[in-house]
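Presented below is the structure to which this report refers.
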Protein chains: 2
Amino acid sequence: MSTVYLNGRFVPEAEAGISPLDRGFLFADAIYEVVRYDRGRPYRLAEHLTRMREGLEAIRIAATPDFFGPAGEKLLEANGLADADAFVYAQVSRGAAPRYHAFPPAGTTPTVFAFARRVDPPPPPEGGRAILLTDERWGRCDIKSVMLLPNVLAAQKAREARAIDAILVRDGFALEATKANLFLVSKGVLRTAPNGPRILPGVTRGAAIDAARKIGLAIEERAFRVEEMFSAQEVFLASTTMWTYSLVEIEGRPVGGGKPGPVARMIREALVEEFRGARV
Amino acid sequence: MSTVYLNGRFVPEAEAGISPLDRGFLFADAIYEVVRYDRGRPYRLAEHLTRMREGLEAIRIAATPDFFGPAGEKLLEANGLADADAFVYAQVSRGAAPRYHAFPPAGTTPTVFAFARRVDPPPPPEGGRAILLTDERWGRCDIKSVMLLPNVLAAQKAREARAIDAILVRDGFALEATKANLFLVSKGVLRTAPNGPRILPGVTRGAAIDAARKIGLAIEERAFRVEEMFSAQEVFLASTTMWTYSLVEIEGRPVGGGKPGPVARMIREALVEEFRGARV
């Protein structure tokens, strides 16, 4: 039985209850973060906290994102994950109140919920398949909100197609996957969609760009079209839970010569090294 | 203290708790309906149930929407609303499960939550003001899901502008408001956006069209541009909680000659008559 964090208390998961009038449940009125920990040490915590603060500001929830820190460490310990490769998920909603769309009365307390879990084993080293789906998400994908139903439906379609993920396509541009950013390597240049309202400003996206720059790669933050993936040397995903992951097939057609490429591997190695080195 | 319905039980609101791992809370993985009752008799219940069934099918939650019926009536009674003008809100989520985007294991039980409340007093009879906002919603607004954060943010902006609601505009078309469909009357023709992925197929939207047809009005289901509202004879909202409500000002400019018009009034009277007459 795992222990979760809810509004300042550490409780067994089965005993944790939130009001069904919580606006996170009724309105998707909540944001979240996922921080990865190497044996208790968080990876790029400051960037996660900044993004969380910006998300709270964007949707105007008055809460201070001070969760990851002592509370996060305690949560890891309580779940026997203090020495593991694990993550902490934390969510802040606008709280429970009588159901009206506009903000609830002053004094409504935001709900803060968090849980910890061991990082899943990495997917197979031979690379993965992806499908293409129309991007049905809302207009503010840069906010890490729980507006995730389109991601859910796309991830399920990917699973049913025995793919690792779905690439979301808007106006012909391959923007990102359901829970990872998307990169390609073409003519020696690393490309990914620019930050903006259409994608999540992924922490590992930024870390991958940092790593690529150190390796000496040219970087271009410019959205690419679906067909550009098929002529690229490499196509890969990047996320905090997978680091990088090479795609070798998209919609049944090979990409990257049908095997994982060296850029994804070099970046992944650099990220893992940084992650392990984050331990002071 | 109100009584709510949660997974087959009637419990005091303060005692109702759902797991914070409920997918309604984590992923906006849920749909809902709001049915209005005249002294215990539901209005157009069959249409609500059909829409709920279609919503569940669209997002593939395996649940039967048999909530509104004896349980809905019991909920009204338990809250002293059996003789009132009231509504029942019911929500079905995909249930609680370890957090992965794709669907949870078979056997995960959907969460069914409902509450009842007296219908709010109607807004002032002199008509209301609206603001215009870019429609930031996802691509499946026809599904009555809890993907409502953009509606929340827009409703809050409307309140701060002392407006009754915000009209959501996509590609220049004024589609609907945050919780109501949108109509105009131009050259004697009643117009509203056609059903499709960009708007909610409102039950009262359909009822208003039925009523207008009986009155003998020509009806055109075709989206209109923002500027067409300013040359219209009337602009009004339609929803189950307000019936129709005339807009007299949009973004500070008068519409409909600055006063409620006869078509909105005639339709509202017809809807109220149908509602009261629904009592058999």
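Within 10 Å of each Cβ in peptide A:135-147, how many partner chain Cβ atoms are there on average? Round it to a whole number, please. Working shown, then result.
Working: counts 2, 5, 4, 8, 7, 4, 0, 0, 1, 0, 4, 10, 11.
Per residue, the number of nearby Cβ atoms from other chains is 4 on average.
Less than 18 Å apart at the alpha-carbon level, and either on another chain or at least 8 residues along: which lysines does that give for A:Lys179?
A:Lys144, A:Lys157
Each label point is 7 Å from the Cα along the Cα-to-Cβ direction; what then is the distance between the points at B:Arg162 and A:Lys74, in nm?
Inter-label distance under the simple model: 4.7 nm.
How big, in percent, is the set of alpha carbon pairs in chain A lying more than 30 Å apart?
32 percent
Could you work out how far apart the two model spin labels at B:Lys187 and A:Arg222 are, taking each label as a point 7 Å from the Cα in the direction of the beta carbon, and quote it in nm?
With each label placed 7 Å out from Cα toward Cβ, I get 4.7 nm.
Of A:Thr3, A:Thr108, B:Thr109, how do they rank once you tally other Cβ atoms within 10 Å and put the fewest first?
Ordered from fewest to most neighbouring Cβ atoms within 10 Å, A:Thr3, A:Thr108, B:Thr109 come out as B:Thr109, A:Thr108, A:Thr3.
Return the distance in nm (one decimal) between the two label points of a simple spin-label model at A:Asp83 and A:Glu54, each offset 7 Å from Cα along Cα→Cβ.
Label-label distance for A:Asp83 and A:Glu54, simple model: 3.8 nm.
As an exercise, use a Förster radius of 60 Å and the Cβ-Cβ distance of A:Arg41 and B:Leu132 to find the FRET efficiency, rounded to the nearest 0.05.
Result of the calculation: an efficiency of 0.80.
Nearest to the axis that maps chain A onto chain B: list the chain A residue whose Cβ wins, with the distance in whole angstrom.
A:Gly17, 1
Once the label point is placed 7 Å from Cα along Cβ, list for A:Gly258 the distances to the corresponding points in the other copies, in nm, shortest first.
Label-point separations across copies, in nm and ascending: 7.5.
Normalised by the number of residues in chain A, what is the relative contact order in percent for Cα pairs under 8 Å and 6+ residues apart?
About 17 percent, as a whole number.
Relative to 2.2 N^0.38 Å, what does the C-alpha radius of gyration of the stretch A:3-118 come to as a ratio? Two decimals please. Write down the numbers at each step before the final one.
On the way: Rg = 14.3 Å, N = 116, 2.2 N^0.38 = 13.4 Å.
In units of the globular-protein estimate, the stretch A:3-118 measures up at 1.07.
For an R0 of 60 angstrom, estimate the FRET efficiency from the Cβ-Cβ distance between B:Ile215 and A:Arg118 and round to the nearest 0.05. Show your work: numbers first, answer last.
On the way: r = 64 Å, r/R0 = 1.07.
The formula returns an efficiency of 0.40 here.
Only helical DSSP H runs with n ≥ 4 go in: add -39500 (n - 2.57) per run for the protein assembly as shown, normalise by residue count and round the 222 nm mean residue ellipticity to 500 deg cm²/dmol.
Using -39500 (n - 2.57) per qualifying helix, the result is -8000 deg cm²/dmol.
Regarding the stretch B:24-66, what are the three Cα extents along the principal axes, ordered largest first, in Å?
Largest to smallest, the principal-axis extents are 36, 19, 12 Å.
Take the Cβ-Cβ distance between B:Asn195 and A:Val169 as r, set R0 to 35 Å, and report the resulting FRET efficiency rounded to the nearest 0.05.
Efficiency for this residue pair is about 0.90.
For label points placed 7 Å from Cα toward Cβ, what is the shortest-first list of nm distances from A:Val226 to its copies?
3.1
Would you mind estimating how fast the stretch A:209-266 diffuses translationally, via Stokes-Einstein at 4 °C and 1.567 mPa s with the Kirkwood radius over Cα pairs, in µm²/s?
Rounded, D is 106 µm²/s.
Between copies, how far does the label point of A:Lys214 sit from its twins, in nm, shortest first, when each point is 7 Å from Cα along Cα→Cβ?
Label point to label point, same position, other copies: 7.3 nm.
Only Cα pairs under 8 Å and at least 6 apart count here; give the relative contact order of the stretch A:3-118 as a rounded whole percent. Could the numbers behind the result be given before it?
Values: 199 pairs, mean separation 42.6, N = 116.
Taking the mean separation of contacting Cα pairs over the length of the stretch A:3-118, I get 37 percent.
Treating only the Cβ atoms of Lys and Arg (+1) and Asp and Glu (-1) as charged, compute the dipole magnitude of the stretch A:128-277 about its Cα centre; round to the nearest 20 debye.
On the way: 22 positive and 18 negative charges, 29 e Å.
For this selection, approximately 140 debye.
Return the Rg/Rh ratio of the protein assembly as shown with Cα-based radii and a Kirkwood Rh. It would help to have the intermediate numbers written out before the result.
On the way: Rg = 25.0 Å, Rh = 25.1 Å.
Rg/Rh for the protein assembly as shown comes to 1.00.
Write down the Kirkwood hydrodynamic radius of the stretch A:167-280, to one decimal in angstroms, obtained as one divided by the mean of 1/r over all alpha carbon pairs.
One decimal place: 13.9 Å for the Kirkwood radius.
Values quoted throughout were computed directly from the atomic coordinates according to the rules given, and no laboratory measurement underlies them. Since the model is a prediction, treat every value here as computed from it, not as a measurement. A quick note on method: Cβ atoms are made from the backbone with ideal geometry, for glycine too, and the neighbour counts reach across all protein chains shown.
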